[in-house]
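Written below as C-alpha cells is the structure these notes are about.
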Amino acid sequence: MSLMTAVFKLSSLFSLVTLATASLGDVDKAELSRKFSSIKSAAHGVIFTRLSDGKILFEQGADDLMSPASVTKVITSAAALTYFGPAYSFKTPVYFTGKIDKGRLAGDLIIQGSGDPFIVSEILWQTAVDLRHLGIREITGAVIIDNQLFDGESRDESRLNSTQKSTHAYDAPVSAFAVNFNTVAVATAPDTPGKIALTSVTPFPLRHVRHTGKVSTGKGDQSAGVSLSRNTTPDGGIALASGGVIGADSPIKKLYRSVGDPDVAAGDYVLGFLGDAGIKCLAAARTGKTPTNAKPLYEITGYDMRRITQGLNTFSNNFIADMLTKRLGAAFGNPQNPDMPGSGTLGAGISILSSFLRNDVGIKSAFKIYNGSGLSTENRLSARQIAGVLNWMEKRGDLFPDFIGSLPASAWDGTLKKRLKKADDLAGQVRAKSGTLTEPITVAALAGYFRLPEDGWVSFVMIGNGIEGKSQPGLLDVRNLQDDVLKGLFRK
C-alpha cells in the first residue's frame, strides 16, 4: 500500500462534525495524533488554539524546535507592523551638489538609500517624472547611489551560491537602495508558430544587462518551456540567456532573475528612468557617500507598511523579509545595548526580532533565528512559539486587520492559490503563511488562522520536518497531510 493510499485511508477515519456545527472540541485527538504519525520519516510540531479563551484544542510535539522555513516571515512581518506601524512608509531622500540653472543640474544627483524594500518601477517612474516637473532636463555630474545605511554584506550564507549565477529571483542580494527587489525581468511574447518569439529586458534595456538567446514559438498556449539564466559579468552587470518554447496563444510571459551587483543594478535603473523621463545624464552612475554639502531636492515616499507586509507574506518574498530585518536593525539598534546606535546589519535586525519575541510576545523558551526569511533550515522555532506570535497579534486591534490581511487565502492567491482547491468549503476560509524547503531536509509548514461557528477564531501551526540522517519524506506527502487535516474541519 502506497503512502498516499495510507494517508487517504486514515483521512476516512478522521471523523469531524459538519461545518454547521464544527468544533475542535469534538476532535478525536487520538485519531488526529495517529494521523500526524502516519508519515514515519517526518516529525511534526502541531498546535491548534481557540483564541476567544486561549484554550489549546490539540497539540503534538508543540515544544520541539523545528525548521519553519518561510513561516519565519510571520515573525518578521509581525515585528515590522509592531515597531514601524501599518501606516508607516519609508522616505528615500534625493540630494544634489552644485547648482540648478535653466534646467541644468551642474553637479551630482545623490539618492540616499533608506532600506525601503518596495521601490518598484512605478515609484521610480514617478520620481523621474517629478524631477522633470522640478525643471531638471540635464545632469552634468554623476548619479550617486548611497547605500551606507546597510553594511556591505549583501548576501548572507543562504544567498552566496547565487553570486555568480542563478535561475531564480528569490536569491536577490540585499542593499539599502534597491529597485524591483534587486531583480531584472525579461518579457517574452509569442510570434506565429515556428518563428522566434519576441524577447526583451523590461521595462527597457539597462546599461549593464546583456540579453542573448532565443525562444521558439510553438502551438497552443504552452509556456512552461521558457527558461532564463543569469551570470554576473566582471563589471558587475549580468548576462541573461533565454531559451525554450512559448505557445502562439500564450500571453506575454515575464521571468525575473536576481541581479549580480545590487549597486550596479540600482544605478542602471535610475539612469534608465531618468532618460525615459527626458532627463539627460552626462556621467555614469556610481556608489558613494552623501556629501556634507549636499542639498535636499526631493523625497521618494514608498508604500506603507501594510502593503509591504502583504507583498512579503502573500508571495513569500525573501528579499522583503531580509530587507526589513536589516531595516529594523538600522532603526532600533541593539536592544541588549541601548547606547549602541542603529546598525543596518543582519545581526542587529535579528536582535530586534529576538527582542520582539521575548519582550513583546513574551516567549521565554529557547529558539534560534539566523535570518528573517527562513530561506535556510538554520532557524529553529517551536509550533508553540509561532502560535504565540499569532495569538499575540490577534489581540492587537491596531495591527491584526493588516496582519491577517497580509496572509494568503486558501485557493485564492499567493502561495496558497493552489492549496486546498479541491475543498470548496475552504476557499478563502484559511489565512496562513506556508513554508517550504527540500534541502538538506524536507520542510512543509503552515501557520495562520481560520474560523469555526462554535469555536470562533482558531490559530494553528503545523510544521513537518524530515528527520536528519534518514530518508526524507515527500514534500507533497507532508503538505497533503496538513491540507487533509484542515479539510476535515470543514467537511460536510
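Observations
- For L198, the residues 5 or more places off, or on other chains, whose built amide H falls under 5 Å of its own are A189, D191.
- Residues A284 and K368, FRET efficiency given R0 of 35 Å [Cβ-Cβ distance, rounded to 0.05]: 0.20
- Helical runs assigned H by DSSP (4 residues or longer) give the chain a calculated mean residue ellipticity at 222 nm of -8000 deg cm²/dmol, each run adding -39500 (n - 2.57) before division by the residue total.
- Part-to-part distance (alpha-carbon centres) for segment 271-302 and segment 38-81, which is given in Å: 46 Å
- Cα centroids of segment 111-157 and segment 417-459: 38 Å apart.
- 3J(HN,Hα) along segment 122-137, derived from phi through the Karplus expression 6.51 cos²θ - 1.76 cosθ + 1.60 where θ = phi - 60°, amounts to 4, 5, 5, 4, 5, 4, 4, 5, 5, 5, 5, 4, 6, x, 7, 10 Hz, with x in place of Gly and Pro.
- Peptide ranges 79-90, 227-238 listed from the most packed, as the mean C-beta count within 10 angstrom indicates: 79-90, 227-238
- Trypsin sites (Lys or Arg not before Pro) within segment 255-327, DSSP loop, no more than 15 other Cβ atoms inside 10 Å: K289
- Estimated D of the chain in µm² per second, where Rh is the Kirkwood radius over Cα pairs and Stokes-Einstein applies at 4 °C, 1.567 mPa s: 53 µm²/s
- Residues S52 and Q126, FRET efficiency given R0 of 35 Å [Cβ-Cβ distance, rounded to 0.05]: 0.20
- Extension gain for S229-T212 works out to 5.1 nm (0.36 nm per residue, less the C-alpha to C-alpha distance).
- Straight-line cross-link reach from K433 at under 21 Å between alpha-carbon atoms covers these lysines, not counting any fewer than eight positions away in the same chain: K73, K368, K395, K417, K418, K421, K422, K487.
- With 10 Å bins beginning at zero, the pair-distance distribution over Cα atoms of segment 350-450 amounts to 14, 40, 36, 10, 0 %.
- The packing ranking of peptides 397-406, 109-118, highest mean first, is 109-118, 397-406, where packing means the average number of other beta carbon atoms within 10 angstrom of each residue.
- For the pair A189 and K470 in one chain, pulling the backbone fully straight at 0.36 nm per residue adds 96.6 nm over the alpha carbon distance.
- Residues whose amide H comes within less than 5 Å of that of V226, counting only those at least five positions distant or on another chain, are V245 (H built at 1.01 Å from N in the peptide plane).
- One decimal place: the segment K395-E31 gains 127.9 nm when fully extended, by the rule 0.36 nm per residue minus the C-alpha distance.
- For the pair segment 219-255 and segment 159-208, the centres of their Cα atoms are 9 angstrom apart.
- Considering only the chain, percent of DSSP beta bridges that pair antiparallel, nearest 5: 75 percent
Read the figures in this text as sums done on the coordinates, not as results from a lab. Just so it is clear, the model here is predicted, and its values are computed rather than measured. A quick note on method: Cβ atoms are made from the backbone with ideal geometry, for glycine too, and the neighbour counts reach across all protein chains shown.
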